[in-house]
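The structure appears below as structure tokens.
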Amino acid sequence: MALKKVKGNFERMFDKNLTDLVRGIRNNKDNEAKYISQCIEEIKQELRQDNISVKCNAVAKLTYIQMLGYDISWAGFNIIEVMSSSRFTCKRIGYLAASQCFHPDSELLMLTTNMIRKDLNSQNQYDAGVALSGLSCFISPDLSRDLANDIMTLMSSTKPYLRMKAVLMMYKVFLRYPEALKPAFPKLKEKLEDPDPGVQSAAVNVICELARKNPKNYLPLAPIFFKLMTTSTNNWMLIKIIKLFGALTPLEPRLGKKLIEPLTNLIHSTSAMSLLYECINTVIAVLISISSGMPNHSASIQLCVQKLRILIEDSDQNLKYLGLLAMSKILKTHPKSVQAHKDLILACLDDKDESIRLRALDLLYGMVSKKNLMEIVKRLLGHMERAEGSGYRDELLYKVIEICGQSSYLYVTNFEWYLTVLVELIQLEAGSRHGRLIAEQLLDVAIRVPVVRQFAVNEMTNLLDTFTVSAQSNSMYEVLYAAAWIVGEFAAELEDAEKTLNILLRPRQLPGHIQGVYVQNVIKLFARLATTCLELQDLPGIVRLCDHLLEKLQHFNGSSDIEVQERANSACMLIEMLRTQLAQNTDNSSGSIPPLAIEIVQEMALLFAGELIPVAPKAQRKVPLPDGLDLDEWINAPPPDDASSSSSSEHDKDELFVSSLSTTGNKGGNDGTNSGRRRPSLELTPEQLERQRQARLIEQSNNPHYLKSTPTIGGGGGSSSNADQYDNIDDIPITELPLELEGVSALRVGITKRSDKYLQEQQAATAASHQGKDGKKKHKKTKKSKKAKNKVAYNSSSESEGEMKPMHIVNTTLDMPEGVSLSDSEDKDGKYDPNDPHRALDIELEITDFETISRSSGKKSKENLKAPTGTENLATTASTTAALPSSSSSKKEKKKDKEKSREHKSRKATTATAATQQIVGDLIDAGTPIASPSKNALTSISVSSNNNTTISDAAAVQPAAHHKKKKKNKDKSSTSIIDVDNDAAVASAPAATTKSHKKKHKRDKTEHKEKVSGYEEPLGISTPSKEIF
Amino acid sequence: MIKAILVFNNHGKPRLSKFYQYFDESLQQQIIKETFQLVSKRDDNVCNFLEGGSLIGGSDYKLIYRHYATLYFVFCVDSSESELGILDLIQVFVETLDKCFENVCELDLIFHADAVHHILSELVMGGMVLQTNMNDIMARIEEQNKLVKQEAGISAAPARAVSAVKSMNIPQQIKDIKLPDLPQAIKDLKF
């Protein structure tokens, strides 16, 4: 018994390794949380022990637990302990744990600086490698600053493995510590021509990442990349380079022209789909950037579209997806060439894969025409009925509206059809979040297409009647807002206004802002109905209407929404006023409506008369800034800083009151205020007071923000010198609007209800419509002159109505300021993420040849005085890595340097010539200090050159083998022969041990097999790696 | 840049999670959950690209995944990576696992999560692709394994045993439990 206990104790304390933990968790599926918390307790105990192996084991377990979602940051200190172990095994576990749970804000990272530096400089390349891998996940700004030089030294290590990792690591350093970019860049550039392809690829990778965000700084590197592109066979690197060119071409069209040829060659020659695809992408980018001036660019476009068609037709869904993605890029600039493949894209709408359908939807807006719009929309509606998942349905809904509404309903020929579609969408998709969008469309169409209003009001009445508000339709009820507004505003078009009124008055559970609109439009309807009653001299009708309304509005009166309450109350008051007037007459005389009541009704009708015009969102810009209004000027002068002036301003304040008293000329009043504290200003002599008063008056008259009581304007705004100071609202000049009318017409008006019928009708009427088309064309041409008013536009539309079949005209007039287009995005800058580290990396890099440096070296001494940025600082520490103790002084230097760099930047902005000089100066500064470490590197390379010869030989052989492998990759067995050959030479010794290990491993597997068979299923990676590697 | 690499099984249990941008643990779990929900409802014969989830990335990010038997391998990448390239990288990753574990299956990933991490760190470093050549990757991994074995063989095991005995404080333990036959007990332990 006792022995067992010892043994158990023993195991619990020492032998619960990661495997035991995993097994334990799997055995305690029911109470996993409890088991894990128990394990964490054990781990805490283990961490308290001195033995590093035990700690290491504990940390390994913690890493696993972290993956399951447990916070392990409390063990941070222990993780650092394990990281600092001299043994690789422990170190690796420690760094792994750190990379999983540390983050750049960890305070613990302060402790790690020296340890990581030691590891980076370790003799064992894997120690340094592990440290770099870990560091890449949690590097902080402080660590970047302190370790930048060590990592830079590693970039010229003799071991390609370390060089490669160090190069990648530098990118992370740049992100956290942008000052490192400038001094490190020459070295990074050097690595583009590194003998090791891995290092080369890493350098390309880093520069691509850098250039993606700030491409203009990397344009001078284009020749190097161009050379790499034409010589390299490494597909992975080629893809990166080609992607980089895609980012560079918009900045330099000449580059694009040069690229077209090699890229088209690659497109023709490569068998790797990934490379082909990226080539097409970049060619598209080139073609976009040089949209004109290329004689044979239509051939390139044709080639791209052709290849993309092959991709889209491929049975591989991935290629199909990417093909559509690239198509959408072409569509923006060359819509015609894409439209040729309409059939293919429309076919993709029916694909079983949602991602592909979405991509096809993106392309759809370029595919529609007046002829096929109805058909396409019908298909989309059909999809919506069938589709599962609200996200996709929402997307469909959005697309339907997008393609119909694009360029002011250019392709919509029949707006009754469109309204029917919108109503159908509402009925189809009660749970959509696009309710507001549909509401906007309804309003827009009703306002801008006058002819369709009659149809619209009736549709909206039906909608108001039938729409059921459910809990699910949390956004769709927005359409009621639009519907209510439309029936109210265009009440004249209603067939049965009273019925609509009753529908609106029906008590319903609706959000406040919609109820508010309801009440408002009830009054509009009432005004309409009352006017008709007036015309008919129907006194009892009005009385009945008033009573009915007063009764029903009570419901709104009690609303909890303040807006609804207010509106309902004022509506009630208005109607009651009318009712009392009516009541006077109903008692005594016969039938005639009292004149006062008539007046009230007419006034009410007047309230809602007049047309509402759509207002552009940026109409505010139309109002020019009045002369003399300076928005940057202080309204009140800011309080002065120094004590003396502040006291004087206080003095002024006191004076305000005193002077106002003094102007009354009543000294006794002053004495009468028997306050104990007498102000110092009271002791001023009358002359002084008078002088101050004069000065103040002058100041006031000069101050445009001061409201003056004295009437200065003569007749007819005569004193023009002062007029601009008196910002009368009427004085604000309002520029006339450029109004344009583009008639987009319909072919025929159908009277049928559902949207499909419009389609059938359209198809039937295609032959007959030629006549209409001619008319439409004519109409389209009649663009109104800039000063044309809306009313004119309406008149012209009614004229044309007389001539031709009823036509739907979109009124594209918007209240828009000159020079502003709707597509202007005002928040372009808002897209910038202020936290994006790449903004700090927007540093001009001097990428020039060494000749220029030597030529301009004469200027060096002069330029050195202005020594910009932290270059020097960093570089000096680079040359003497051990110069740590002087850190405090160097910090001061840094501050100075920062100031200098700021200064330097502003100077750059002012004069371009000075800027170029400065850059040359920078070059010298950046170039010289780096020279010392690179010299070291040179010597070290020459020392190790003997070793390197063998390596380079191997490297030369490798590509050949590589090629072979690529070919044979499809046949797995044959490739494995090569692998075995390679491995046998290297790892013959540990082979035996690995085998035994594997045996044990297999036993492990079979043990678990009995429990869960699913896990045992091999992953079955029979498909060979496709092409790249 | 690769933002995250996730491996989970058909039930959404995480088998490997590597984030190259810091998220706290609960958010990590949410991301895994969300990703699983996005990926798992897709058929096997649809394309391998997905628009990023709401938690991770946004519009610039894509989820690129492959489904092998019981496991999903998901890479979350931004637009600087080639989609097809990442698909191949996943293939290389899995093939490397297959070589290291000999016919890899989910159990290998469950019980050797740390080893999988070490393998992954030879492919991807800090969100950037480090090495794509499988032979090179294998050579690195084997060299490191050799290093670990050396350490374990020469110094670690005895040191560990000794320290275990030391820290166990056997005399005290024995006193506590009052064993009659101390030497026999130690013999039975066999460590």
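When A:S328 is tested against (1) under 21 Å from A:L410 (Cβ atoms); (2) more than 14 Å from every other protein chain (Cβ to nearest Cβ); (3) not in a loop (DSSP other than H, G, I, E, B), only condition (2) is not met. Within region A:544-567, does at least one residue satisfy the condition of being without any contact (Cβ under 8 Å) to a residue 12 or more places away in the chain and surrounded by 18 or more Cβ atoms within 10 Å (Cβ to Cβ)? Yes, region A:544-567 has at least one match. In this entry, A:D343 passes the filter for residues that are among the acidic types (D, E), open to solvent by 30 Å² or more (accessible area, probe 1.4 Å) and under 29 Å from A:S369 (Cα atoms).
Per-residue answers, yes or no, for (1) in contact with a strand residue (DSSP E or B) (Cβ under 6 Å, 6 or more places away or on another chain); (2) within 11 Å of chain A (Cβ to nearest Cβ):
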| site | (1), (2) |
| --- | --- |
| B:V7 | yes, yes |
| B:L16 | yes, yes |
| B:Y22 | no, yes |
| B:E34 | no, no |
| B:K41 | no, yes |
| B:C76 | yes, no |
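Answer yes or no as to whether A:N57 is buried (at least 20 other Cβ atoms within 10 Å of the Cβ) and closer than 22 Å to B:Q28 by Cβ. Considered against the rule, which asks whether it is buried (at least 20 other Cβ atoms within 10 Å of the Cβ) and closer than 22 Å to B:Q28 by Cβ, A:N57 comes out as no. The single condition among (1) surrounded by 15 or more Cβ atoms within 10 Å (Cβ to Cβ); (2) touching a Pro at 6+ places or on another chain (Cβ under 7 Å) that A:Y518 does not meet is (2).
Of the set (1) open to solvent by less than 10 Å² (accessible area, probe 1.4 Å); (2) at the interface with chain A (Cβ under 7 Å from one of its Cβ atoms); (3) modelled with pLDDT of 90 or more, all apply to B:E142 but (1). In the condition set (1) more than 8 Å from every other protein chain (Cβ to nearest Cβ); (2) more than 13 Å from the chain's Cα centre (by Cα); (3) on the phi < 0 side of the Ramachandran plot, B:V92 is compliant with all but (1). Taking strands (runs of 3 or more DSSP E) as the structural unit, those lying wholly within region B:1-60 and holding at least 3 residues that are more than 18 Å from the chain's Cα centre (by Cα) correspond to B:49-51. Against the list (1) over 30 Å from B:K146 (Cβ atoms); (2) facing chain A (nearest Cβ under 8 Å); (3) touching a residue at least 12 places away in the same chain (Cβ under 8 Å); (4) in a helix (DSSP H, G or I), the condition B:L84 fails is (3). When every residue of region A:447-463 is checked against the conditions, at least one turns out to be open to solvent by 40 Å² or more (accessible area, probe 1.4 Å) and over 25 Å from A:H548 (Cβ atoms). Determine whether B:F49 is touching a residue at least 24 places away in the same chain (Cβ under 8 Å), in contact with a Lys or Arg (Cβ under 6 Å, 6 or more places away or on another chain) and either at the interface with chain A (Cβ under 8 Å from one of its Cβ atoms) or farther than 30 Å from A:M237 by Cα (or both). Taking the combined requirement at face value, the residue satisfies it.
Among the helices (runs of 4 or more DSSP H) contained in region A:70-161, which hold 3 or more residues that are more than 9 Å from chain B (Cβ to nearest Cβ) and aliphatic (A, V, I, L, M)? It comes to A:76-83, A:113-120, A:141-154. Checked against the criterion of being open to solvent by less than 30 Å² (accessible area, probe 1.4 Å), of a type outside the set (V, I, T) and at pLDDT below 90, the candidates A:L132, A:L109 yield just one match: A:L109.
You will find that of A:E261, A:E278, A:E313, the residue that is under 31 Å from the mean Cα position of the chain (by Cα) and acidic (D, E) is A:E278 and no other. Within region A:38-49, one or more residues are within 10 Å of chain B (Cβ to nearest Cβ) and not in a helix (DSSP H, G or I). Looking only at residues in region A:40-54 that are among the acidic types (D, E) and within 30 Å of B:K33 (Cα to Cα), the one that is least open to solvent (accessible area, probe 1.4 Å) is A:E42. Of A:V338, A:V368, A:V377, which residue is β-branched (V, I, T) and at pLDDT 85 or above? Of the residues listed, the single one that is β-branched (V, I, T) and at pLDDT 85 or above is A:V377. All of A:L358, A:L287, A:L325 fail the test of being open to solvent by less than 20 Å² (accessible area, probe 1.4 Å) and touching a helix residue (DSSP H, G or I) at 6+ places or on another chain (Cβ under 7 Å), apart from A:L287. Please give the number of the condition B:V116 fails out of (1) over 23 Å from A:D196 (Cβ atoms); (2) facing another protein chain (nearest Cβ under 8 Å); (3) open to solvent by less than 10 Å² (accessible area, probe 1.4 Å). Evaluating B:V116 over (1) over 23 Å from A:D196 (Cβ atoms); (2) facing another protein chain (nearest Cβ under 8 Å); (3) open to solvent by less than 10 Å² (accessible area, probe 1.4 Å) leaves (2) as the failure. I need the full set of residues from region A:220-242 which are open to solvent by less than 40 Å² (accessible area, probe 1.4 Å) and farther than 16 Å from A:P262 by Cα, in order please. Matches in region A:220-242: A:L221, A:W236. Among the conditions (1) in contact with a Phe, Trp or Tyr (Cβ under 9 Å, 6 or more places away or on another chain); (2) in a loop (DSSP other than H, G, I, E, B), the only one that A:R567 does not satisfy is (2).
A quick yes/no check of all residues on (1) closer than 29 Å to A:N234 by Cβ; (2) not polar (S, T, N, Q):
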position	(1), (2)
A:F77	no, yes
A:S86	no, no
A:N114	no, no
A:R145	no, yes
A:V167	yes, yes
A:Y171	yes, yes
A:L181	yes, yes
A:P186	yes, yes
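Considering B:H11, B:H67, the condition of being modelled with pLDDT of 90 or more, open to solvent by 10 Å² or more (accessible area, probe 1.4 Å), more than 8 Å from chain A (Cβ to nearest Cβ) and under 30 Å from A:W74 (Cβ atoms) is satisfied by B:H11 alone. If you go through region A:188-219 and keep only what is in contact (Cβ under 8 Å) with a residue 60 or more places away in the chain, in a loop (DSSP other than H, G, I, E, B) and open to solvent by less than 30 Å² (accessible area, probe 1.4 Å), you end up with just A:N214.
The values are calculated or read from the model by the stated rules, or taken from the named source; none is laboratory data. Not measured: the values here are computed from a predicted model. Please note: Cβ atoms are built from the backbone with ideal geometry, for glycine as well, and neighbour counts cover all protein chains shown. These area figures cover heavy atoms from the full protein model, side chains too; ligands, DNA and RNA do not enter into them. Shrake-Rupley method; radii C 1.70, N 1.55, O 1.52, S 1.80 Å.
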